[in-house]
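**Q** Could you have a look at this structure, given as structure tokens, before my questions?
The values are calculated or read from the model by the stated rules, or taken from the named source; none is laboratory data. Since this is a predicted model, take the numbers as computed values, not measurements. Ideal geometry is used to build each Cβ from the backbone, glycine not excepted, and the neighbour counts take in all protein chains shown. The area values use the complete protein model at the heavy-atom level, side chains included, leaving out ligands, DNA and RNA. Shrake-Rupley method; radii C 1.70, N 1.55, O 1.52, S 1.80 Å.
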Amino acid sequence: MKQKRFLFVILSIVGIVLLVLSSLVLTSDKLKMVNGLFSGFGSAMLVLGIGKLLESFIVSKVEDEKIKRLKEIEVNDERNTKIREKASHTTLKIMNYIIFILILILAYMKVNKIFLIICVSLIVAEFILLILFSNYYAKKM
């Protein structure tokens, strides 16, 4: 637990260093993109490090083991697995319609053909992957 806390402190310190670099050192217009990257990663590291550090003080080791065990049961539960599969399938179908509508809109707007080809290739790749994974899981199960 102490090693994890040490890592969380290091993560927070790296986040602070990145934030300081982005606000004090990388201020020119030429480095605007790097400034944004450092600012974003620094903020994320700082918040995650502090959050995990506080969590390590609040949650005891026994409670942590209980939470891990409950999560494992939740992930492996057949009902929850079936719900995730059904939700994924429904999301896939809805996204197909959204991509089809996007292709029609792009075609109507007379966008460059390469963008239309890319969008259509995404749908074709999705159907190919669906066939491949269906065959794979049919053999595996």
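**Q** Mind telling me which of the residues VAL47, VAL34, VAL14 ends up being β-branched (Val, Ile, Thr), without any contact (Cβ under 8 Å) to a residue 40 or more places away in the chain, open to solvent by 70 Å² or more (accessible area, probe 1.4 Å) and in a helix (DSSP H, G or I)?
**A** Details: VAL34 fails: open to solvent by 70 Å² or more (accessible area, probe 1.4 Å); VAL14 fails: open to solvent by 70 Å² or more (accessible area, probe 1.4 Å).
Going through VAL47, VAL34, VAL14 in turn, just one is β-branched (Val, Ile, Thr), without any contact (Cβ under 8 Å) to a residue 40 or more places away in the chain, open to solvent by 70 Å² or more (accessible area, probe 1.4 Å) and in a helix (DSSP H, G or I): VAL47.
**Q** Shifting gears a bit: Please work out which residue is least open to solvent (accessible area, probe 1.4 Å), limiting yourself to segment 89-117 and to residues that are in contact (Cβ under 8 Å) with a residue 12 or more places away in the chain and within 23 Å of the chain's Cα centre (by Cα). Step through it out loud before you land on a result.
**A** Filtering segment 89-117 for residues in contact (Cβ under 8 Å) with a residue 12 or more places away in the chain gives 92, 96, 99-100, 102-103, 106, 116.
Pick out the ones that are also within 23 Å of the chain's Cα centre (by Cα) and you get 92, 96, 99.
Working: LEU92: 56, ASN96: 18, ILE99: 34 Å².
Applying the filter and picking the extreme gives ASN96.
**Q** So which of LYS86, LYS52 ends up being among the basic types (Lys, Arg), touching a residue at least 12 places away in the same chain (Cβ under 8 Å), part of a helix (DSSP H, G or I) and surrounded by 10 or more Cβ atoms within 10 Å (Cβ to Cβ)? Let's see the steps before the verdict.
**A** On the way: LYS86 fails: touching a residue at least 12 places away in the same chain (Cβ under 8 Å).
Sole residue among the options that is among the basic types (Lys, Arg), touching a residue at least 12 places away in the same chain (Cβ under 8 Å), part of a helix (DSSP H, G or I) and surrounded by 10 or more Cβ atoms within 10 Å (Cβ to Cβ): LYS52.
**Q** Also, quick follow-up: Kindly list the number of the only condition in (1) open to solvent by 100 Å² or more (accessible area, probe 1.4 Å); (2) under 25 Å from the mean Cα position of the chain (by Cα); (3) under 30 Å from VAL14 (Cα atoms) that fails for GLU78.
**A** Going through the list (1) open to solvent by 100 Å² or more (accessible area, probe 1.4 Å); (2) under 25 Å from the mean Cα position of the chain (by Cα); (3) under 30 Å from VAL14 (Cα atoms), GLU78 breaks only (3).
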